[in-house]
Amino acid sequence: QGQLVESGGGVVQAGGPPRLYCVASGRPFSTYSMGWLRQPPGKEREFVARISWRGGNTDYTDSVKGRFTISRDNAKNTVYLQMNSLKPEDTATYYCAGSPRLSPAIDEYDYWGQGTQVTVSS
């Protein structure tokens, strides 16, 4: 019925700027808001960033404001997360997710990717 495939994670040094990719298929990508969520080790999954259908509106959790940038290219069915000034606290499994809602809560995303691990060393 559709899938999201994330890539770009890995083990990085603090301060590194990896870019995460999420490629969607089988869903109406251009009419879905997209989000990045993450789950740190031993913690609950949390919201990181989201972007509206056409990319005009974005939102970020306070801890990543000014460091992370979410963007999308609907022609490529792809959403990105540029991660600058990484900190050890950013270590988590990062998930791409989609929702037909404009500003979805975590429980309002209809489908999720499998996740990609980001580990930030000190």
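Quick note: the coordinates plus some simple rules give every number you see, no bench work behind them. Here the structure is a predicted model, which is why all the values come from computation and not from measurement. Every residue, glycine among them, receives a Cβ derived from its backbone with ideal geometry; neighbour counts consider all protein chains shown.
Below, the figures for the structure above:
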| read-out | value |
| --- | --- |
| Taking the chain and dividing mean pair separation by its residue count, relative contact order in percent (alpha carbons under 8 Å, at least six apart) | 35 percent |
| Sequence-distant residues sharing a close amide H with Tyr111 (under 5 Å, placed H) | Gly98 |
| P(r) of the range 22-70 over all Cα-Cα pairs, binned every 5 Å from zero, in whole percent | 5, 19, 25, 23, 17, 9, 3 |
| Spread of Cα-to-Cα distances over 5 Å intervals beginning at zero, given as percent, for the chain | 2, 13, 24, 27, 19, 10, 4, 1, 0 |
| Integer Hz, Karplus 6.51/-1.76/1.60 couplings in order for the range 48-59, x for Gly and Pro | 10, 7, 9, 9, 6, 3, 10, x, x, 10, 10, 8 |
| Assigned charges on the beta-carbon of Lys, Arg, Asp, Glu; the chain dipole about Cα centre (debye) | 300 debye |
| Reachable lysines, given that their alpha-carbon falls under 17 Å from the alpha-carbon of Lys43 and they are not under 8 places away in the same chain | Lys87 |
| Highest-MSF residue in the chain out of Thr61, Thr78, Thr93 [GNM, Cα springs under 10 Å] | Thr61 |
